[in-house]
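Peer 1: Have a look at this one.
Derivation of every value follows stated rules applied to the coordinates shown; laboratory data play no part. Predicted model, so just to flag it, every value in this text is computed and none were measured. Counting neighbours? That spans all protein chains shown, and the Cβs are built from the backbone with ideal geometry, glycine included.
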């Protein structure tokens, strides 16, 4: 599948695409599992990258034959909130210039994440990027997570843009599957610290710096 000849919309994932948050999330989760007596490896938690909901965490607990619950991982109910509000994160190199260039051409720009709205918006405010998006869809705004197409379908629905004129940037197999199921052209991004399998994307890039659509 070739790139759309007339691109009207570009949608970006957040974790691993807009910002390199995933290693920090992995570090936090390893600590949280350890706090409830479950000794997990970094590799086990990295394998959860791109997933959402309680089921992946429960799978780790089951694999370790633990009787602890997912709720005990985050007893304060904040999840990975510290990553977005307290840790040292910043936009990945080149993404702000890419987005500004798209907007200058009249192309609509959106963000589609499975992370809760309050965390994504907090991070975007820290980056001073909030005003760069025409729509933002987060995990508490959808009923079905990636790889279901609903997150991307909802973003395109808000913008009134057809899938055939939309390009998506994703870094995980789960996200790529979601975007492809929604009928979009997908570019796999491999510029984060945790490089995942992007072979199912229409093409892949290693950096936003100097990249242009």
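Peer 1: Give the order of 185, 133, 152, 84 when sorted by the count of other beta carbons within 10 angstrom, beginning with the fewest.
Peer 2: Result, fewest neighbours first: 133, 185, 84, 152.
Peer 1: Between residue 62 and residue 41, what is the spin-label point distance in nm, taking each point 7 Å from the Cα along the Cα→C-beta axis?
Peer 2: For residue 62 paired with residue 41, the spin-label model returns 2.1 nm.
Peer 1: Which translational diffusion coefficient, to the nearest whole µm²/s, is obtained for region 108-213 from the Stokes-Einstein equation, given a Kirkwood hydrodynamic radius over C-alpha pairs, 37 °C and 0.692 mPa s?
Peer 2: Answer from the Stokes-Einstein relation: 232 µm²/s.
Peer 1: Let me ask you something else. Treating the Cα atoms of the chain as identical point scatterers in vacuum, please give the log10 of the normalised Debye intensity I(q)/I(0) at q = 0.10, 0.16 Å⁻¹, two decimals.
Peer 2: With one equal scatterer per Cα and no solvent, log10 I(q)/I(0) is -0.42, -1.05.
Peer 1: Hey, another quick one. Listed highest first by mean packing, meaning other Cβ atoms within 10 Å per residue, what order do 49-59, 12-22 come in?
Peer 2: Highest-to-lowest ranking by the protection proxy: 12-22, 49-59.
Peer 1: Output the 0 to 90 degree angle, nearest 10, between the alpha-carbon long axis of helix 117-127 and the longest principal axis computed from the alpha carbons of the chain.
Peer 2: 60
Peer 1: OK, next. Semi-axes of the equivalent ellipsoid of region 22-85: what are they in whole Å, largest first, if each equals the square root of 5 times a C-alpha gyration tensor eigenvalue?
Peer 2: Computed over region 22-85, the values are 17, 14, 11 Å.
Peer 1: Relative to the first principal axis of the alpha-carbon coordinates of the chain, what is the inclination of helix 95-104, with its axis defined by its Cα atoms, in degrees from 0 to 90 and to the nearest 10?
Peer 2: 30
Peer 1: Continuing with this model, one more query. Using Cβ counts within 10 Å as a stand-in for footprinting exposure, how do 107, 36, 187 rank, fewest first?
Peer 2: Least crowded to most crowded, the residues run 36, 107, 187.
Peer 1: For region 120-165, go through all pairs of different Cα atoms, get the mean of 1/r, take its inverse, and jot down that Kirkwood value in Å.
Peer 2: Kirkwood hydrodynamic radius for region 120-165: 11.8 Å.
Peer 1: Right, another one. Cα axis of helix 22-35 to longest principal axis of the chain: angle in degrees, 0 to 90, nearest 10?
Peer 2: 20
Peer 1: Still on this structure, please answer the following. Using just the helices of the chain, give the 222 nm mean residue ellipticity in deg cm²/dmol: DSSP H runs with n ≥ 4 each add -39,500 (n - 2.57), and the total is spread over all residues, rounded to 500.
Peer 2: That comes out to -10000 deg cm²/dmol.
Peer 1: Taking the number of other C-beta atoms within 10 Å as the exposure measure, put 195, 60 in order starting with the fewest.
Peer 2: 195, 60
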